[in-house]
Amino acid sequence: MPRPNPQTVAVRSALESDSQHGAVVPPIHLSTNYTFSAFNEKRTYDYSRSGNPTRDALASALAELEGGAGCVVTASGMSAILLVCQQLNPGDLLLAPHDCYGGSYRLFESLAARGRFRVQFIDQNDTEALDRALAERPKLVWVETPSNPLLRIVDLAAVAEAAHAAGALVAADNTFLSPALQTPLALGADIVVHSTTKYLNGHSDVIGGAVISADRAVHDSMADWANTLGLTGGAFDSYLTLRGVRTLFPRMRQHESNASQVAAALVAHPAVQAVYYPGLATHPGHALAARQQRGFGGMVSFEVAGDETALRCVLEGLSLFSLAESLGGVESLVCHPATMTHAAMDPDARRTAGISDRLVRLSLGAEAGDDLVADLLGALDRALAAASTPTHRQG
């Protein structure tokens, strides 16, 4: 039969692979180690840090969904990023977005400070700045599109072409969209990185990561470093993540539907100063996102008009959004990047990136969209009322 639709791949991956009992869902292989068949005769697996059947089932599914030559499943999203950094040697230059995820920013800065490599943070939508940086012959260009938390869109194909001409590898963080909505390797990236904690697992009960490579040699290098450094993921987390992948496509449709509904409601509210969502026709990257993505995703960010009192009214006045870090689960979350996900960036770096102290990031879950809108509008109404209420001093 012809190659199935990616949604079919997501659902059917590793089903009926149990040759012993004919189980439809593959079993979890929790064993730490595996016997040799005889002296000096290793089986497919010997030690679970090096290889595990359950982890391999997830890796195969993600490699196929992203169109890669291979996938390494790691213990966390940050360990996936650290794994990609093993492609760099002292003196090599890494180009990273000035508005990337705070954990990525902290890791790149910390490793650069120890002399592991050099790093430049640039606005990758600034063509002149990108050209100047590429002229320094970087070894790796890190791309995050949509960016976290401002949802800026980078032209992956254009950046990849320019980076390759400069002799660099391109790594794309695809966590915000997942392979359901974007496949960076098809746009020219060499490496795709995921925090599988987020949309791939989708239920906020797993920490994990993944690195998918377009080239087999790059994948083999990643796998070797993951084994050497002990970065690989566990069997039970892999089992849960593969279970989450089976519902990825319908979940992403619901996330996106809710995000679109919420973004439209936020735009019209007087307590909101700005809304960042690529699905809005007014978003600067809307046309590019429509071209290189298959959807606009389930993340929305906005700036609250007013002061910290108004911000607190919004963050503390929500009933259907949990104030917590992370994203991509079936439950809706609200986050304040300046004090949460991007607290590791110093204030000047946040200002340069455009991350204000009144920025709020939403991860839209799978609840009814009307309920989420009503909850948000209620909190914003109370913030507006608090801002317009005069303060009386006693004395």
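Since every read-out is calculated from the coordinates, none of them should be taken as a lab result. Just so it is clear, the model here is predicted, and its values are computed rather than measured. In this analysis, Cβ positions are derived from the backbone assuming ideal geometry, glycine residues included, and neighbour counts consider all displayed protein chains.
Tabulated results
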item: Order by protection proxy (mean Cβ within 10 Å, highest first), peptides 88-98, 346-356, 49-59, 35-45; result: 49-59, 88-98, 346-356, 35-45
item: Distance between the range 203-234 and the range 78-92 - C-alpha centres, whole angstrom; result: 12 Å
item: Around residue 307: net Lys/Arg minus Asp/Glu count, Cβ-Cβ under 11 Å; result: 0
item: Among 246, 312, 361, residue whose mean-square fluctuation peaks in a GNM of the chain (springs only between Cα atoms under 10 Å); result: 312
item: Crossing angle, helix 156-165 versus the chain [Cα axis fit, 0-90 degrees, rounded to tens]; result: 60 degrees
item: Expected 222 nm ellipticity per residue - DSSP helices of 4 or more, -39500 (n - 2.57), all of the chain, to 500; result: -11500 deg cm²/dmol
item: Inter-site label distance for residue 23 and residue 128 at 7 Å from Cα along Cβ, in nm; result: 6.1 nm
item: Segment residue 215-residue 323, extension gain: residue separation times 0.36 nm, minus the distance between their alpha carbons; result: 34.9 nm
item: Cα gyration tensor, the range 237-379 - rounded (a/c under 1.5), prolate or oblate; result: rounded
item: Relative exposure of 301, 60, judged by other C-beta atoms within 10 Å (fewest first); result: 60, 301
item: Size of electric dipole in the chain: Cβ of Lys, Arg +1 and of Asp, Glu -1, about Cα centre, debye, nearest 20; result: 340 debye
item: Nitroxide proxy distance, nm - points 7 Å out along Cα→Cβ at residue 49 and residue 367; result: 4.3 nm
item: Net charge over other residues, Cβ less than 15 angstrom from the Cβ of residue 385 (K, R count +1; D, E count -1); result: -1
item: Counted charge near residue 188, where neighbours are those whose Cβ lies closer than 12 Å (Asp, Glu -1; Lys, Arg +1); result: -3
item: Relative packing of 148-154, 191-197, which averages over residues the other C-beta atoms within 10 Å, highest first; result: 191-197, 148-154
item: Only Lys, Arg (+1) and Asp, Glu (-1) charged, at Cβ; the range 1-123 dipole about Cα centre in debye; result: 260 debye
